[in-house]
Amino acid sequence: MAGAAVMAQLGVAPVLPVAVIAVATVLLGAFACVQFARAPRGARRRDWALRLVMLALLVIIAIRPNIPADRAAPASSGGLEVYFLVDTTSSMAAEDWPADPASSTDGGVDASAPAATRLDGARADIDAILGQLAGAEYSLTTVDSTALQRVPLTTDATAVSSAAAVLTPEVTFYSRGSAIDAAVPFMTELLADAQQADPGQRRVLFYLGDGEQTADAAPGSFAGLAPYLSGGAVLGYGSDDGGEMRVYDGFAANDDPAFPRYIQDPATGRNAVSIPDEANLRAIAGQLGVGYDRREPGEAVDAIVSGIEVGESTEVRSTPDTPTEFYWLLAIPLALLGVREAAGWALTIAETRPGRES
């Protein structure tokens with residue numbers, strides 16, 4: 001087994017033991033070299049030179065050179081699956097998330113800085129929860145008019161943090177009104193598949209949003225997700241007075257001071273104001289069987305993750321990819337030389353065969 005490992009590292013996979021190939025190569029090579037030296041100059045010496053080339057090609061093919069596959073690092077499966085479900089409807093761009101004085105070097109607030117949004121608060125909480133639940137597996141899904149899994153389950157907290165850092169609200173002109181239950185069918189299927197794949201795993205869900213429902217229909221229930229969960233929380237963002245929402249067109253950032261257009265209220269012609277709906281958020285929490293927490297800038301997440309244990313992670317060795325073999329390329333010239341050799345022997349036999357009597 002150790003020898004096979006060494007061969008794999010060297011990028012060869014001999015079809016016969018190396019000793020057998022070496023002995024055969026020495027014997028056949030010595031014989032061909034002697035015949036080459038004895039052959040008179042001309043066609044016969046050229047024939048033996050080509051036979052030496054054939055032997056070299058045959059030896060290389062026999063040791064099967066290849067490009068070793070990348071070694072797959074052991075994968076780690078956490079003892080807890082953490083699902084983030086983030087509301088990215090236009091209302092999450094509301095600028096009613098007060099700046100956190102703790103984020104300033106002098107403890108003050110820079111009045112010239114772009115106004116913070118509810119989505120900024122959600123990003124900060126995701127990072128904080130990732131830090132508290134280190135070692136788990138994480139998934140990030142966003143929901144506006146449709147639900148989209150941004151990051152499948154992974155133990156790479158940095159990947160989730162990076163994905164959260166670049167989250168943007170939905171493009172304003174594509175908005176059809178927000179339905180807070182739009183992600184329920186998707187999350188039901190996602191959690192059901194996870195449950196089927198690993199029935200013994202624990203799962204928690206963090207819903208981050210403002211609860212605003214602008215669609216005509218009443219919000220649907222999240223209760224169907226509860227059987228798959230062992231905890232989590234509903235986190236709410238926004239102020240009682242609400243906030244105006246900057247237009248997002250998919251190109252300019254909604255917090256760019258050079259892009260100060262706001263969503264308009266068609267009834268008044270003024271900047272629309274989004275008011276968070278805590279009643280809806282509390283209802284979601286009740287349906288999921290988890291707690292509700294109205295968030296404030298800089299507020300710790302200790303109470304939110306209290307009682308959630310990551311548990312031990314399990315190392316799962318990944319199967320390495322198949323090496324890339326290219327020995328077959330050498331079989332092409334070997335086959336051509338073999339055809340030439342066979343044709344030469346056929347011609348020799350034909351020339352030495354006694355002629356037919358007339």
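The values are calculated or read from the model by the stated rules, or taken from the named source; none is laboratory data. Just so you know, these numbers come straight off a predicted model, no measurement behind them. A quick note on method: Cβ atoms are made from the backbone with ideal geometry, for glycine too, and the neighbour counts reach across all protein chains shown. Please note that ligands, DNA and RNA were not included when accessible areas were found on the heavy atoms of the full protein model with its side chains. Shrake-Rupley method; radii C 1.70, N 1.55, O 1.52, S 1.80 Å.
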Problem set entry | Selection count, segment 232-247, where residues are modelled with pLDDT of 95 or more, out of contact with any Asp or Glu (no Cβ under 6 Å at 6 or more places or on another chain) and not small (G, A, S) | 1
Problem set entry | Test result for G250, exposed (fewer than 14 other Cβ atoms within 10 Å of the Cβ), modelled with pLDDT under 85 and in contact with a Leu (Cβ under 8 Å, 6 or more places away or on another chain) | no
Exercise. Quick one: how many residues across segment 197-229 are within 26 Å of the chain's Cα centre (by Cα), at pLDDT 95 or above and not in a strand (DSSP E or B)?
Worked result: 3
Problem set entry | Subset of segment 78-95 [of a type in the set (S, T, N, Q) and open to solvent by less than 10 Å² (accessible area, probe 1.4 Å)] | T88, T89, S91
For this session: Enumerate the pairs (first residue in segment 116-138 and touching a residue at least 24 places away in the same chain (Cβ under 8 Å) and within 20 Å of P152 (Cα to Cα); second residue anywhere and surrounded by fewer than 21 Cβ atoms within 10 Å (Cβ to Cβ) and of a type in the set (K, R)) with beta-carbon separation below 8 Å, excluding pairs fewer than 6 apart on the same chain, so at least 6 apart or on different chains.
Result: D125/R295
Exercise. Of (1) among the polar types (S, T, N, Q); (2) modelled with pLDDT under 75; (3) within 27 Å of A179 (Cβ to Cβ), N66 satisfies all except one. Which?
Worked result: (3)
Seminar exercise, completed: Filtering segment 146-174 for residues that are of a type outside the set (D, E) and open to solvent by 50 Å² or more (accessible area, probe 1.4 Å) leaves a count of 14
For this session: Determine, yes or no, whether Y228 is touching a Lys or Arg at 6+ places or on another chain (Cβ under 7 Å), open to solvent by 30 Å² or more (accessible area, probe 1.4 Å) and not hydrophobic (A, V, I, L, M, F, W, C).
Result: yes
Seminar exercise, completed: Restricting attention to segment 39-60, the residues that are in contact (Cβ under 8 Å) with a residue 60 or more places away in the chain and over 22 Å from V20 (Cβ atoms) number exactly 2
For this session: Would you be able to say whether some residue in segment 181-200 is open to solvent by less than 10 Å² (accessible area, probe 1.4 Å), farther than 26 Å from R246 by Cβ and either in contact (Cβ under 8 Å) with a residue 24 or more places away in the chain or among the hydroxyl-bearing types (S, T, Y) (or both)?
Result: yes
Exercise. Across segment 201-224, what is the total count of residues that are open to solvent by 50 Å² or more (accessible area, probe 1.4 Å) and closer than 16 Å to S145 by Cα?
Worked result: 5
For this session: Could you please find all residues in segment 292-303 being touching a residue at least 40 places away in the same chain (Cβ under 8 Å) and over 17 Å from D210 (Cβ atoms)?
Result: G298, A300, V301, D302
Exercise. Does V20 fit the bill of being more than 18 Å from E325 (Cα to Cα), at pLDDT 85 or above, open to solvent by 50 Å² or more (accessible area, probe 1.4 Å) and of a type outside the set (S, T, N, Q)?
Worked result: no
Exercise. How many of the residues making up segment 25-37 are out of contact with any helix residue (DSSP H, G or I) (no Cβ under 8 Å at 6 or more places or on another chain) and either surrounded by fewer than 11 Cβ atoms within 10 Å (Cβ to Cβ) or in contact (Cβ under 8 Å) with a residue 12 or more places away in the chain (or both)?
Worked result: 4
